[in-house]
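What follows is one structure encoded as structure tokens, with my remarks underneath.
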Amino acid sequence: YRNLDIKTTLAGNTISVDAEGKDNEGEIRGHLKLTNGQIKHLQGTLQIENLQTGRLGLGSMHPDARLSLNTEVNVSATDIDDIRGSLSINDFIVETNEQDSTIAHLPQFTLNTDIDAKGFRTLYIDSEPLKLDAQGHYRFSTLAATIQNTLHKRLPNLIEAKNIYARADDLQFALSFQDTVLLDRLGMKGVCIPERLHFYGSMHGNDSLDITADIPFIKFGKEHLRNSSIRINGTKNDLTADVTTERLQKSGFVTVYLKSSAHDNRLRLIAGADNKRKPAYKGEMDITTSFFRDSDGNSSTRIWIAPTEILVSDTLWRVHPAIVSLNKQSATIHGLKISTDKGIRGTTDYGRGIYINGTVSTNREDTLKVKLHDIDVSYILDIVNFKSVLFDGYASGTAIATGLLANLNASADI
């Protein structure tokens with residue numbers, strides 16, 4: 001970059017900088033004034049036109065990208081928790097040299113935050129994709145710790161506490177977001193939110209949490225979800241969450257739900273699905289996980305799988321009770337079994353099912369055994385959203401693997 005013109009003035013605790021730089025393919029102009037006293041104050045403007053980000057090492061995804069924006073800033077603070085003022089970014093656009101190749105376009109972004117003498121903070125963000133309104137007694141540096149302590153109170157053996165502040169944060173917020181191309185162009189490939197999603201919530205210390213989310217439609221990769229809702233409620237002793245959505249599968253949209261509760265080092269998850277048509281695909285799994293920690297601080301986990309029923313293509317499958325034990329070096333599966341009384345020809349002599357037993361560890365002698373009998377391959381691949389290769393039919397046979405975390409040795413006859 002050539003033709004740089006910089007003027008600097010220092011007067012007491014205040015330094016002012018005026019800068020302008022021009023190049024054949026870019027221009028930058030700025031004026032900043034910083035007062036460095038007990039309260040720091042930054043004020044100024046910055047204009048950028050067609051700045052080549054690749055030449056400045058600002059990203060390799062689009063080496064020929066050009067950045068333009070207008071920025072105004074006016075903030076003061078003693079530290080990050082006392083920051084107040086405004087920041088605005090207008091006409092933000094990133095383009096390449098190709099015609100009609102806008103990578104990111106943000107017409108306007110405005111942030112305002114203030115805090116009164118009693119520590120009550122207001123924060124407003126207004127832009128085309130994101131809108132946020134958060135008010136209450138909270139600090140930017142402790143929000144993450146407040147959330148972590150909220151989870152620690154219910155699952156102390158799983159999540160450590162953060163005792164870095166005297167008072168937990170207290171706030172209420174409303175957030176909405178909509179984006180069709182920005183996230184994808186910034187590297188989150190395949191993410192699309194064509195309709196505005198909304199989050200509402202409040203948090204009162206570590207004892208009370210209430211969050212509601214409504215997401216009309218979201219796409220990420222091959223996954224398409226619609227009519228999604230999230231409800232999180234935390235009381236003094238319990239934390240619950242209910243999630244429902246409709247997931248696109250080969251046969252159409254299927255209702256999927258997840259219910260969870262956490263307290264006393266136990267986490268219970270009930271996950272289910274229902275296609276609400278014929279042939280019926282519906283049922284649920286009920287899993288409870290307990291977290292332990294011995295006197296030396298070593299953690300372990302024990303998972304109970306409760307007996308439930310699943311209806312697949314009008315065929316009833318039974319989930320049998322099972323236990324999974326986890327520690328730092330191994331996972332042992334005791335009697336995991338999903339089966340039906342009838343075979344594919346309707347007989348009771350050859351019931352269909354999947355059976356899993358064994359241990360996954362660094363020990364080369366530990367074995368995991370998976371046995372299949374008449375398992376519908378296409379249905380399983382549809383659940384995991386695998387569409388690259390078409391497989392069909394019913395799979396039967398046995399797979400055995402040893403040393404899964406050490407020197408893998410596996411064989412299968414299916």
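Roughly speaking, what is the centre-to-centre gap between segment 241-310 and segment 364-380 when only Cα atoms are used, to the nearest Å?
21 Å
In the chain, with Lys and Arg counted as +1 and Asp and Glu as -1 at Cβ, which of these residues, Asn275, Leu34, Phe292, has the Cα nearest the positive end of the dipole, that is, farthest along it?
The one lying farthest along the dipole's positive direction is Phe292.
Over 27 Å between C-alpha atoms is what I'm after, so list which of Lys153/Lys259; Lys276/Lys387; Lys259/Lys282; Lys131/Lys276 land there. Intermediate values should be presented prior to the final figure.
Values: Lys153/Lys259 19 Å; Lys276/Lys387 23 Å; Lys259/Lys282 16 Å; Lys131/Lys276 36 Å.
Violating the 27 Å Cα-Cα cut-off are Lys131/Lys276.
Specify which residue in the list Ile303, Tyr355, Leu326 is farthest towards the positive end of the charge dipole of segment 299-402, using unit charges on the beta carbon of Lys, Arg (+1) and Asp, Glu (-1), about the Cα centre.
The residue sitting farthest along the positive end of the dipole is Leu326.
Chymotrypsin sites (Phe, Trp or Tyr not before Pro), restricted to segment 119-228: which are DSSP loop and have at most 14 other Cβ atoms within 10 Å? Working shown, then result.
On the way: sites: Phe120, Tyr124, Tyr138, Phe140, Tyr165, Phe173, Phe177, Phe199, Tyr200, Phe217, Phe220; in loops: Phe120, Tyr138, Phe140, Tyr165.
Sites meeting the loop and neighbour criteria: Phe120, Tyr165.
Please report the accessible area of Thr288 (heavy atoms, 1.4 Å probe, ligands and nucleic acids excluded) in Å², nearest 10.
The accessible area of Thr288 comes to roughly 30 Å².
Going 7 Å from the Cα of Leu143 along its beta-carbon direction, which residues of segment 168-212 have the amide nitrogen within less than 13 Å of the resulting point?
Residues 169-176, 201-203 qualify, since their backbone N sits under 13 Å from the label point.
Quick one: accessible surface of Asp274, probe radius 1.4 Å, all protein chains present, in square angstrom to the nearest 10.
40 Å²
Quick one: angle between helix 143-154 and the longest Cα principal axis of the chain, in degrees between 0 and 90, rounded to 10, please.
The answer is roughly 20 degrees.
So for segment 272-405, averaging the separation of alpha carbon pairs under 8 Å that are six or more residues apart and normalising by length, what relative contact order in percent results?
Across segment 272-405, relative contact order equals 15 percent.
Using DSSP to define loop residues, name the trypsin sites (Lys or Arg not before Pro) in segment 247-303 whose beta-carbon has at most 15 other beta-carbon atoms within 10 Å. If you can, show how the numbers build up before the last one.
Values: sites: Arg247, Lys250, Lys259, Arg266, Arg268, Lys276, Arg277, Lys282, Arg293, Arg302; in loops: Lys250, Lys276, Arg277.
Answer by residue number: Lys250, Lys276, Arg277.
Rounding to the nearest 20 debye, state how big the charge dipole of the chain is about its Cα centre with +1 on each Lys and Arg Cβ and -1 on each Asp and Glu Cβ.
It comes to approximately 1180 debye.
Report relative contact order for the chain in percent, whole number only (criteria: Cα-Cα under 8 Å, sequence separation at least 6).
6 percent
Under 13 Å from a label point 7 Å along Cα→Cβ of Ile211: give me every residue in segment 243-263 with its amide N that close.
What the label zone holds, given the 13 Å backbone N cut-off, is 243.
Please compute the modelled spin-label separation between Leu408 and Asp341, points set 7 Å along Cα→Cβ, answer in nm with one decimal.
4.0 nm
If you count only protein heavy atoms with a 1.4 Å probe, what accessible area per residue comes out for the chain, rounded to a whole Å²?
58 Å²
With all protein chains present, how much of the accessible area of the chain (probe radius 1.4 Å) comes from carbon and sulfur, to the nearest whole percent?
54 percent
Expected output is a single nm value to one decimal: the length gained when fully extending between Glu160 and His204, i.e. 0.36 nm times separation in residues minus the C-alpha distance. What is it?
Full extension from Glu160 to His204 adds 13.9 nm.
The values are calculated or read from the model by the stated rules, or taken from the named source; none is laboratory data. Quantities reported herein were computed from a predicted structural model and do not represent experimental measurements. Ideal geometry is used to build each Cβ from the backbone, glycine not excepted, and the neighbour counts take in all protein chains shown. Just so you know, the surface numbers come from the protein's heavy atoms only, side chains and all, with ligands and any DNA or RNA stripped out. Shrake-Rupley method; radii C 1.70, N 1.55, O 1.52, S 1.80 Å.
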